[in-house]
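Chemist: My questions will all concern the structure given below.
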Amino acid sequence: MPELRRMASLMPRVTSRALAMRPESRRILFVAAFVAIVGATVLGAGVAYLGDALTHASREAMSRAAFFGGLGAFVAAVLGVAAVPVARRMLIARADVQLVEAASPLHPLIKRLMIEAPGTYTHSLAVASLAEAGADAIGADPLVARVGAYYHDVGKLRRPCYFFENLADGENPHDLAKPSLSALIITSHVADGLHLAEEYELPDRIVDVIREHHGTSLVRYFFHKAAQADATVAESDYRYHGGRPSSREAALVMLADGCEAAVRALKQPDAGSVATAVRFVIDDKLQDGQLDSAGMKEGDIPVITETFVHMLVNMLHARCEYPQTITGPRKEAYADQHREPSRS
Ligand SMILES: [Fe+2]
Ligand SMILES: [Fe+2]
(Lines give C-alpha, C1' and ligand atoms only; values in the text may rest on other atoms or scores of the structure.)
(Ligands and ions follow the chains in the order given, each with its own letter.)
Protein backbone atom coordinates (compact mmCIF):
# COMPACT_ATOMS: atom_id res chain seq x y z
CA MET A 1 0.00 0.00 0.00
CA PRO A 2 2.76 2.56 0.78
CA GLU A 3 4.14 1.76 -2.64
CA LEU A 4 0.77 2.46 -4.24
CA ARG A 5 0.51 5.74 -2.28
CA ARG A 6 3.98 6.76 -3.43
CA MET A 7 3.06 6.00 -7.03
CA ALA A 8 -0.16 7.97 -6.65
CA SER A 9 1.83 10.95 -5.33
CA LEU A 10 4.06 10.76 -8.40
CA MET A 11 1.09 10.94 -10.79
CA PRO A 12 0.68 14.75 -10.86
CA ARG A 13 4.41 15.17 -11.46
CA VAL A 14 4.38 12.56 -14.21
CA THR A 15 1.33 14.19 -15.80
CA SER A 16 2.85 17.68 -15.65
CA ARG A 17 6.02 16.37 -17.25
CA ALA A 18 3.96 14.73 -19.96
CA LEU A 19 2.11 18.01 -20.57
CA ALA A 20 5.41 19.87 -20.88
CA MET A 21 6.36 17.71 -23.83
CA ARG A 22 6.12 18.61 -27.48
CA PRO A 23 2.59 18.02 -28.86
CA GLU A 24 3.71 15.19 -31.17
CA SER A 25 5.45 13.29 -28.36
CA ARG A 26 2.55 13.90 -26.00
CA ARG A 27 0.08 12.53 -28.51
CA ILE A 28 2.18 9.42 -29.02
CA LEU A 29 2.42 8.76 -25.29
CA PHE A 30 -1.26 9.32 -24.56
CA VAL A 31 -2.24 7.08 -27.42
CA ALA A 32 0.21 4.47 -26.12
CA ALA A 33 -1.27 4.73 -22.61
CA PHE A 34 -4.81 4.49 -23.99
CA VAL A 35 -3.91 1.45 -26.05
CA ALA A 36 -2.26 -0.14 -22.98
CA ILE A 37 -5.41 0.41 -20.90
CA VAL A 38 -7.77 -0.91 -23.57
CA GLY A 39 -5.45 -3.84 -24.28
CA ALA A 40 -5.19 -4.76 -20.62
CA THR A 41 -8.96 -4.52 -20.18
CA VAL A 42 -9.59 -6.76 -23.16
CA LEU A 43 -6.96 -9.13 -21.80
CA GLY A 44 -8.66 -9.15 -18.42
CA ALA A 45 -12.03 -9.94 -19.96
CA GLY A 46 -10.37 -12.66 -22.04
CA VAL A 47 -8.83 -14.18 -18.94
CA ALA A 48 -12.22 -14.16 -17.24
CA TYR A 49 -13.88 -15.79 -20.23
CA LEU A 50 -11.11 -18.36 -20.60
CA GLY A 51 -11.18 -19.14 -16.92
CA ASP A 52 -14.89 -19.78 -17.14
CA ALA A 53 -14.58 -21.84 -20.29
CA LEU A 54 -11.81 -24.02 -18.88
CA THR A 55 -13.28 -24.72 -15.53
CA HIS A 56 -17.01 -24.45 -16.23
CA ALA A 57 -16.76 -22.95 -12.89
CA SER A 58 -19.24 -21.41 -10.66
CA ARG A 59 -20.16 -17.77 -10.45
CA GLU A 60 -17.51 -17.25 -7.71
CA ALA A 61 -14.75 -18.54 -9.97
CA MET A 62 -15.91 -16.23 -12.75
CA SER A 63 -15.99 -13.29 -10.37
CA ARG A 64 -12.47 -14.15 -9.20
CA ALA A 65 -11.23 -14.28 -12.78
CA ALA A 66 -12.95 -10.98 -13.58
CA PHE A 67 -11.45 -9.39 -10.46
CA PHE A 68 -7.92 -10.44 -11.36
CA GLY A 69 -8.51 -9.36 -14.95
CA GLY A 70 -9.60 -5.91 -13.76
CA LEU A 71 -6.70 -5.70 -11.34
CA GLY A 72 -4.34 -6.57 -14.20
CA ALA A 73 -5.86 -3.76 -16.28
CA PHE A 74 -5.40 -1.28 -13.44
CA VAL A 75 -1.79 -2.30 -12.85
CA ALA A 76 -1.10 -2.06 -16.59
CA ALA A 77 -2.59 1.44 -16.66
CA VAL A 78 -0.51 2.58 -13.67
CA LEU A 79 2.62 1.10 -15.18
CA GLY A 80 1.79 2.77 -18.49
CA VAL A 81 1.56 6.22 -16.89
CA ALA A 82 4.65 5.60 -14.76
CA ALA A 83 6.52 4.68 -17.92
CA VAL A 84 5.92 8.16 -19.37
CA PRO A 85 9.21 9.70 -18.09
CA VAL A 86 11.15 6.67 -19.33
CA ALA A 87 9.47 6.86 -22.72
CA ARG A 88 10.12 10.59 -22.78
CA ARG A 89 13.79 10.08 -22.10
CA MET A 90 13.91 7.56 -24.92
CA LEU A 91 12.16 10.00 -27.24
CA ILE A 92 14.59 12.77 -26.32
CA ALA A 93 17.53 10.44 -26.92
CA ARG A 94 16.03 9.50 -30.29
CA ALA A 95 15.51 13.18 -31.14
CA ASP A 96 19.15 13.91 -30.26
CA VAL A 97 20.28 11.07 -32.52
CA GLN A 98 18.15 12.50 -35.33
CA LEU A 99 19.72 15.93 -34.76
CA VAL A 100 23.23 14.52 -34.87
CA GLU A 101 22.38 12.62 -38.06
CA ALA A 102 20.97 15.81 -39.59
CA ALA A 103 24.15 17.69 -38.63
CA SER A 104 26.28 15.50 -40.88
CA PRO A 105 27.72 17.23 -43.95
CA LEU A 106 26.95 13.96 -45.72
CA HIS A 107 23.21 14.41 -45.22
CA PRO A 108 21.67 14.32 -48.74
CA LEU A 109 19.86 17.64 -48.27
CA ILE A 110 23.04 19.40 -47.09
CA LYS A 111 24.88 17.96 -50.09
CA ARG A 112 22.16 19.23 -52.41
CA LEU A 113 22.45 22.68 -50.85
CA MET A 114 26.23 22.63 -51.30
CA ILE A 115 26.00 21.70 -54.98
CA GLU A 116 22.80 23.42 -56.15
CA ALA A 117 22.92 26.60 -54.05
CA PRO A 118 26.55 27.14 -52.93
CA GLY A 119 25.91 30.74 -51.90
CA THR A 120 23.09 29.69 -49.59
CA TYR A 121 25.23 26.82 -48.29
CA THR A 122 28.07 29.20 -47.34
CA HIS A 123 25.58 31.62 -45.78
CA SER A 124 24.02 28.78 -43.77
CA LEU A 125 27.39 27.67 -42.39
CA ALA A 126 28.10 31.22 -41.21
CA VAL A 127 24.62 31.52 -39.66
CA ALA A 128 25.18 28.15 -37.94
CA SER A 129 28.43 29.33 -36.31
CA LEU A 130 26.76 32.51 -35.07
CA ALA A 131 23.60 30.80 -33.81
CA GLU A 132 25.58 28.09 -32.02
CA ALA A 133 27.85 30.64 -30.33
CA GLY A 134 24.78 32.66 -29.31
CA ALA A 135 23.10 29.55 -27.91
CA ASP A 136 26.20 28.67 -25.90
CA ALA A 137 26.35 32.22 -24.55
CA ILE A 138 22.73 32.34 -23.33
CA GLY A 139 22.35 28.69 -22.30
CA ALA A 140 20.05 27.64 -25.16
CA ASP A 141 20.52 24.38 -27.08
CA PRO A 142 23.58 24.86 -29.33
CA LEU A 143 22.93 21.69 -31.34
CA VAL A 144 19.40 22.74 -32.29
CA ALA A 145 20.63 26.25 -33.14
CA ARG A 146 23.46 24.94 -35.31
CA VAL A 147 21.51 22.25 -37.15
CA GLY A 148 18.48 24.53 -37.50
CA ALA A 149 20.73 27.10 -39.17
CA TYR A 150 22.12 24.49 -41.57
CA TYR A 151 18.61 23.86 -42.89
CA HIS A 152 16.88 27.21 -42.38
CA ASP A 153 17.09 28.19 -46.06
CA VAL A 154 16.83 24.78 -47.77
CA GLY A 155 13.64 26.03 -49.42
CA LYS A 156 15.85 28.20 -51.62
CA LEU A 157 16.81 25.00 -53.44
CA ARG A 158 13.63 25.35 -55.47
CA ARG A 159 14.71 28.62 -57.12
CA PRO A 160 18.28 29.33 -55.96
CA CYS A 161 19.01 31.96 -58.58
CA TYR A 162 16.35 34.29 -57.12
CA PHE A 163 18.29 34.74 -53.89
CA PHE A 164 20.97 37.35 -53.48
CA GLU A 165 23.71 35.06 -52.21
CA ASN A 166 23.43 32.85 -55.33
CA LEU A 167 23.25 35.64 -57.89
CA ALA A 168 26.00 35.79 -60.47
CA ASP A 169 27.44 39.25 -61.10
CA GLY A 170 25.30 41.35 -63.38
CA GLU A 171 22.33 38.96 -63.41
CA ASN A 172 19.31 39.64 -61.27
CA PRO A 173 16.01 38.00 -62.29
CA HIS A 174 14.16 40.38 -59.96
CA ASP A 175 15.02 43.24 -62.33
CA LEU A 176 12.43 41.83 -64.71
CA ALA A 177 9.80 40.87 -62.13
CA LYS A 178 7.09 42.91 -60.42
CA PRO A 179 7.80 43.59 -56.72
CA SER A 180 4.75 41.52 -55.73
CA LEU A 181 6.05 38.51 -57.67
CA SER A 182 9.56 38.95 -56.27
CA ALA A 183 8.17 39.09 -52.73
CA LEU A 184 6.11 35.97 -53.39
CA ILE A 185 9.15 34.07 -54.66
CA ILE A 186 11.26 35.24 -51.71
CA THR A 187 8.69 34.41 -49.02
CA SER A 188 7.80 31.02 -50.49
CA HIS A 189 11.23 29.62 -49.63
CA VAL A 190 9.82 28.99 -46.15
CA ALA A 191 6.96 26.78 -47.43
CA ASP A 192 9.33 25.12 -49.89
CA GLY A 193 11.71 24.40 -47.00
CA LEU A 194 8.89 22.79 -45.02
CA HIS A 195 8.05 20.51 -47.94
CA LEU A 196 11.68 19.43 -48.19
CA ALA A 197 11.86 18.93 -44.42
CA GLU A 198 8.89 16.57 -44.65
CA GLU A 199 10.34 14.76 -47.65
CA TYR A 200 13.70 14.25 -45.91
CA GLU A 201 12.08 13.59 -42.50
CA LEU A 202 13.99 16.27 -40.62
CA PRO A 203 13.49 16.41 -36.82
CA ASP A 204 10.56 18.47 -35.49
CA ARG A 205 12.74 21.14 -33.87
CA ILE A 206 14.51 21.77 -37.17
CA VAL A 207 11.16 22.02 -38.93
CA ASP A 208 10.18 24.70 -36.38
CA VAL A 209 13.33 26.68 -37.16
CA ILE A 210 12.64 26.50 -40.91
CA ARG A 211 9.06 27.65 -40.38
CA GLU A 212 9.89 30.49 -37.98
CA HIS A 213 13.25 31.83 -39.10
CA HIS A 214 11.67 34.88 -40.77
CA GLY A 215 8.72 35.08 -38.40
CA THR A 216 6.26 37.58 -39.87
CA SER A 217 9.01 39.98 -40.99
CA LEU A 218 8.53 42.43 -43.83
CA VAL A 219 10.32 41.92 -47.14
CA ARG A 220 11.37 45.54 -46.95
CA TYR A 221 13.15 46.05 -50.24
CA PHE A 222 10.27 44.87 -52.42
CA PHE A 223 7.63 46.48 -50.22
CA HIS A 224 9.27 49.89 -50.60
CA LYS A 225 9.77 49.29 -54.30
CA ALA A 226 6.05 48.49 -54.65
CA ALA A 227 5.03 51.41 -52.42
CA GLN A 228 6.90 53.84 -54.64
CA ALA A 229 4.67 52.85 -57.54
CA ASP A 230 1.46 52.44 -55.50
CA ALA A 231 1.17 54.03 -52.07
CA THR A 232 -1.90 51.94 -51.21
CA VAL A 233 -0.04 48.63 -51.40
CA ALA A 234 -0.76 46.44 -48.36
CA GLU A 235 2.20 45.81 -46.07
CA SER A 236 0.74 42.42 -45.08
CA ASP A 237 1.22 41.20 -48.68
CA TYR A 238 4.96 41.67 -48.23
CA ARG A 239 5.32 39.84 -44.94
CA TYR A 240 6.33 36.25 -44.25
CA HIS A 241 3.65 33.99 -42.80
CA GLY A 242 5.76 31.44 -40.93
CA GLY A 243 4.86 32.53 -37.41
CA ARG A 244 7.17 34.21 -34.93
CA PRO A 245 9.97 32.16 -33.35
CA SER A 246 8.60 29.98 -30.56
CA SER A 247 11.98 29.06 -29.09
CA ARG A 248 15.23 30.80 -28.26
CA GLU A 249 16.99 28.61 -30.83
CA ALA A 250 14.65 29.71 -33.64
CA ALA A 251 15.09 33.32 -32.52
CA LEU A 252 18.88 32.92 -32.58
CA VAL A 253 18.73 31.62 -36.15
CA MET A 254 16.49 34.56 -37.12
CA LEU A 255 18.91 37.08 -35.59
CA ALA A 256 22.04 35.34 -36.90
CA ASP A 257 20.47 35.18 -40.36
CA GLY A 258 19.71 38.90 -40.41
CA CYS A 259 23.06 39.92 -38.93
CA GLU A 260 25.11 37.75 -41.29
CA ALA A 261 23.30 39.14 -44.33
CA ALA A 262 23.59 42.75 -43.10
CA VAL A 263 27.29 42.47 -42.37
CA ARG A 264 27.97 40.70 -45.66
CA ALA A 265 26.41 43.67 -47.43
CA LEU A 266 28.85 46.15 -45.81
CA LYS A 267 31.26 47.54 -48.35
CA GLN A 268 34.04 48.17 -45.86
CA PRO A 269 33.34 46.15 -42.73
CA ASP A 270 35.23 47.22 -39.64
CA ALA A 271 34.53 46.62 -35.98
CA GLY A 272 32.39 49.77 -35.71
CA SER A 273 30.22 49.19 -38.77
CA VAL A 274 29.75 45.51 -37.86
CA ALA A 275 28.56 46.48 -34.37
CA THR A 276 26.19 49.09 -35.81
CA ALA A 277 24.73 46.62 -38.31
CA VAL A 278 24.23 43.92 -35.67
CA ARG A 279 22.50 46.34 -33.28
CA PHE A 280 20.30 47.64 -36.07
CA VAL A 281 19.12 44.16 -37.09
CA ILE A 282 18.44 43.03 -33.52
CA ASP A 283 16.63 46.27 -32.57
CA ASP A 284 14.54 46.02 -35.70
CA LYS A 285 13.40 42.47 -34.88
CA LEU A 286 12.68 43.45 -31.28
CA GLN A 287 10.63 46.51 -32.25
CA ASP A 288 8.73 44.51 -34.86
CA GLY A 289 7.68 42.08 -32.09
CA GLN A 290 9.36 39.12 -33.77
CA LEU A 291 10.94 37.89 -30.52
CA ASP A 292 7.85 38.22 -28.34
CA SER A 293 7.06 34.48 -28.28
CA ALA A 294 10.61 33.15 -28.24
CA GLY A 295 10.94 32.85 -24.46
CA MET A 296 13.96 35.14 -24.32
CA LYS A 297 15.25 35.75 -20.82
CA GLU A 298 16.31 39.03 -19.33
CA GLY A 299 19.83 39.81 -20.40
CA ASP A 300 19.79 37.49 -23.45
CA ILE A 301 19.72 40.27 -26.04
CA PRO A 302 22.87 42.14 -24.88
CA VAL A 303 24.73 38.82 -24.63
CA ILE A 304 23.63 37.78 -28.12
CA THR A 305 24.57 41.19 -29.53
CA GLU A 306 28.03 41.08 -27.98
CA THR A 307 28.60 37.49 -29.12
CA PHE A 308 27.51 38.17 -32.70
CA VAL A 309 29.67 41.30 -32.97
CA HIS A 310 32.69 39.43 -31.63
CA MET A 311 32.10 36.48 -33.96
CA LEU A 312 31.41 38.53 -37.06
CA VAL A 313 34.39 40.83 -36.58
CA ASN A 314 36.59 37.75 -36.30
CA MET A 315 34.88 35.90 -39.15
CA LEU A 316 35.32 38.92 -41.40
CA HIS A 317 38.80 39.70 -40.16
CA ALA A 318 40.31 39.32 -43.59
CA ARG A 319 37.82 41.81 -45.01
CA CYS A 320 38.05 44.30 -42.16
CA GLU A 321 39.75 47.60 -42.65
CA TYR A 322 43.42 47.83 -41.85
CA PRO A 323 44.29 50.56 -39.35
CA GLN A 324 46.37 52.40 -41.94
CA THR A 325 43.28 52.96 -44.09
CA ILE A 326 41.25 54.47 -41.25
CA THR A 327 41.33 58.25 -41.20
CA GLY A 328 39.89 61.18 -39.24
CA PRO A 329 38.25 60.88 -35.80
CA ARG A 330 37.74 57.15 -36.27
CA LYS A 331 41.53 56.74 -36.36
CA GLU A 332 41.79 58.07 -32.81
CA ALA A 333 38.90 55.88 -31.66
CA TYR A 334 40.58 52.87 -33.28
CA ALA A 335 43.86 53.73 -31.61
CA ASP A 336 42.11 53.98 -28.23
CA GLN A 337 40.53 50.58 -28.67
CA HIS A 338 43.65 48.84 -29.90
CA ARG A 339 46.38 50.49 -27.83
CA GLU A 340 48.72 47.92 -26.36
CA PRO A 341 48.25 47.54 -22.58
CA SER A 342 51.93 48.30 -21.88
CA ARG A 343 51.55 51.75 -23.47
CA SER A 344 48.25 52.69 -21.95
FE1 LIG B 1 15.40 32.45 -45.14
FE1 LIG C 1 19.16 32.82 -44.43
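Chemist: Could you put 297, 178, 225 in order of accessible surface area, largest first, with the 1.4 Å probe and the full protein assembly present?
Modeler: The ranking, largest first, comes out as 178, 297, 225.
Chemist: For region 99-150, how big is Rg over Rh, using alpha carbon atoms and the Kirkwood form of Rh?
Modeler: Taking Rg over the Kirkwood Rh, I get 1.01.
Chemist: Are there GluC sites (Glu not before Pro) in region 221-261 that DSSP puts in a loop and that have at most 15 other Cβ atoms within 10 Å, and which ones?
Modeler: Qualifying residues, ordered by number: none.
Chemist: Would you mind working out the magnitude of the charge dipole of region 194-300 relative to its Cα centre, with +1 at each Lys and Arg C-beta and -1 at each Asp and Glu C-beta, to the nearest 20 Debye?
Modeler: 380 debye
Chemist: Taking the dipole about the Cα centre of region 103-323, with the C-beta of Lys and Arg at +1 and of Asp and Glu at -1, give me whichever of 301, 107, 168 is farthest to the positive side.
Modeler: 168
Chemist: Check which residues have an amide H placed less than 5 Å from residue 239's amide H, if you skip close sequence neighbours.
Modeler: 219
Chemist: Convert 25 °C to kelvin, take the viscosity as 0.890 mPa s, use the Kirkwood radius over C-alpha pairs of region 108-180 as Rh, and evaluate the Stokes-Einstein diffusion coefficient in µm²/s, rounded to a whole number.
Modeler: 184 µm²/s
Chemist: Suppose every K and R has +1 on its Cβ and every D and E has -1 on its Cβ; what is the size of the dipole of region 103-323 about the Cα centre, in Debye to the nearest 20?
Modeler: 300 debye
Chemist: Now a separate question. Once you have the Cα-Cα distance between residue 96 and residue 234, take 0.36 nm times their residue separation minus that, and quote the gain in nm to one decimal.
Modeler: Net length gain for the segment: 45.5 nm.
Chemist: Can you pull the percent of region 103-323's accessible area that's carbon plus sulfur, 1.4 Å probe, other chains left in place?
Modeler: 55 percent
Chemist: Related question: Along the charge dipole of region 121-259, pointing to its positive end and built from +1/-1 on Cβ of Lys, Arg, Asp and Glu, which listed residue (195, 259, 184) has its Cα farthest out?
Modeler: It is 184, whose Cα lies furthest towards the positive end.
Chemist: Now for a different question. Work out how much length residue 83 to residue 200 would gain on full extension: take 0.36 nm times their residue separation and subtract the Cα-Cα distance, in nm to one decimal.
Modeler: Result for the pair: 39.1 nm of gain on full extension.
Chemist: What are the chymotrypsin sites (Phe, Trp or Tyr not before Pro) within region 162-228 that DSSP puts in a loop, where the Cβ has at most 16 other Cβ atoms within 10 Å?
Modeler: 200
Chemist: Let me see the P(r) profile for region 183-252: every Cα-Cα distance counted, bins of 5 Å, each bin given as a percent of all pairs.
Modeler: Reading upward from the zero bin: 4, 18, 23, 19, 16, 10, 7, 3, 1.
Chemist: With every protein chain left in place and a probe of 1.4 Å, what is the accessible surface of residue 241, to the nearest 10 Å²?
Modeler: Residue 241 has an accessible surface of roughly 150 Å² with all protein chains in place.
Chemist: Under the classification rounded if a/c is under 1.5, otherwise prolate if a/b is larger than b/c and oblate if not, where does region 103-323 fall, given a ≥ b ≥ c as square roots of the Cα gyration tensor eigenvalues?
Modeler: The shape class here is rounded.
Chemist: Could you run the Karplus curve 6.51 cos²θ - 1.76 cosθ + 1.60 with θ = phi - 60° over region 293-302 and give me ³J(HN,Hα) per residue in whole Hz, x for Gly and Pro?
Modeler: Here the 3J(HN,Hα) series is 10, 8, x, 5, 9, 4, x, 5, 4, x Hz.
Chemist: How big is D for region 155-208, in µm² s⁻¹ as a whole number, if Stokes-Einstein is applied with the Kirkwood radius of its Cα pairs at 20 °C and 1.002 mPa s?
Modeler: 175 µm²/s
The values are calculated or read from the model by the stated rules, or taken from the named source; none is laboratory data. The structure displayed is predicted, hence computed values, not measured ones. Here Cβ is always computed from backbone atoms with ideal geometry, including for glycine, and neighbour counts include all displayed protein chains. Calculation scope for accessible area: heavy atoms of the full protein, side chains included, ligands and nucleic acids excluded. Shrake-Rupley method; radii C 1.70, N 1.55, O 1.52, S 1.80 Å.
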